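The next block holds one structure in the form of structure tokens; read it before the comments.
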Amino acid sequence: NVAADSIDSKLRSAAILLDLGSNAESREMLPPADAVPPGLIPHANLLNGYLLLSEGKPSAAQTVFSSLLVDPYGQSIRRYNLAAIGMADSIADQGDTAAAMDSLFAFIQSRTETSRLAPMFRRINAWMPEKFLTADHPALLKLAGWLPKTIPTASGFINVDAGTAAAAWPTATAPLTDLETFATYTCAVALRRVNTPSARQESELLMQRLRLLAPSHFLIPKSLLTLAGWKLEDGLGDEALALLDSLRRNAKSPRIEGEAAFSNALQAYRNGDAELAGSLFGEAAEFLEGDDREAAAFNAALALSD
């Protein structure tokens, strides 16, 4: 069908323009609703929802995404996930990040094996409160429900004595599922925001166990960088440097290597070693891009001029 092929081509072009941030051009490319064949309506509606978001109309976008989630017929798994993400974004854009998180929690729970966890947990992490007053916040409880069975849960999340060998090492070596890995990382970050010594201890314990139970997962470099940042915040510079050195030696991502070198350089500068700091800032500049690269290069010059 020539007409259907033409509409499909326009939808694909609109999607590319939307990805490139050319929202006005994407809107112009999007065919009128009455011209879209039935089989292409879900795709057209998905694009329209994201365009409405980009145009500052989250309420209208939410209506579109809601209709897509109610009826998955004719949608690929990827586009159905994008509708769920768009739904959460439209709720958050209206100022209700708690409800936005709840929508993602519910979607993941109902479709554990087919959810696009990376972008969903990235949003959950960003939308969590900066400070939790207690460790029984609904978001924390939901995350705890997805922790791996090798991390026993109890009324206080993790039923271990942090001073024992059993606390530091997992009781099994079965690889974690993606959901368990993302939940463990995000729960650790959330617990760090509970301002009690026990919550911070549990937070670090979770992050350490993640390295042992999912050593090859792509979240591990990020977890090491996060843990090193916590060590720096707590004044444990030597431990932070050890983590960052390990990360710099083993990271496969240039971005991660650059961030690790940059953090390492900051600590070296604080420790009064301007020469090492300058070298590490220069190393960071080789891996980073854009403004980050310029900042690293500037800091390198500044450190070496001391």
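The values are calculated or read from the model by the stated rules, or taken from the named source; none is laboratory data. Keep in mind it's a predicted model, so treat the numbers as computed, not measured. With ideal geometry, Cβ positions are generated from the backbone for all residues, glycine too; neighbour counts draw on all protein chains shown. Ligands, DNA and RNA are stripped out before the accessible areas are found, and what is left, the full protein with its side chains, is counted by its heavy atoms. Shrake-Rupley method; radii C 1.70, N 1.55, O 1.52, S 1.80 Å.
One table, with the values for the structure above:
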| read-out | value |
| --- | --- |
| Gain on full stretching of the segment that runs from Arg111 to Ser59 - 0.36 nm per residue minus C-alpha separation | 16.2 nm |
| For Thr134, solvent-accessible area (1.4 Å; no DNA, RNA or ligand), Å² | 70 |
| Cα principal axis extents for region 1-76, largest first, Å | 35, 29, 21 |
| For region 187-195, 3J(HN,Hα) per residue [Karplus equation, 6.51 cos²θ - 1.76 cosθ + 1.60, θ = phi - 60°, Hz, x = Gly/Pro] | 5, 4, 4, 5, 5, 4, 8, 8, 7 |
| Highest to lowest packing among 94-103, 77-86, 201-210, scored as the average C-beta count within 10 Å | 201-210, 77-86, 94-103 |
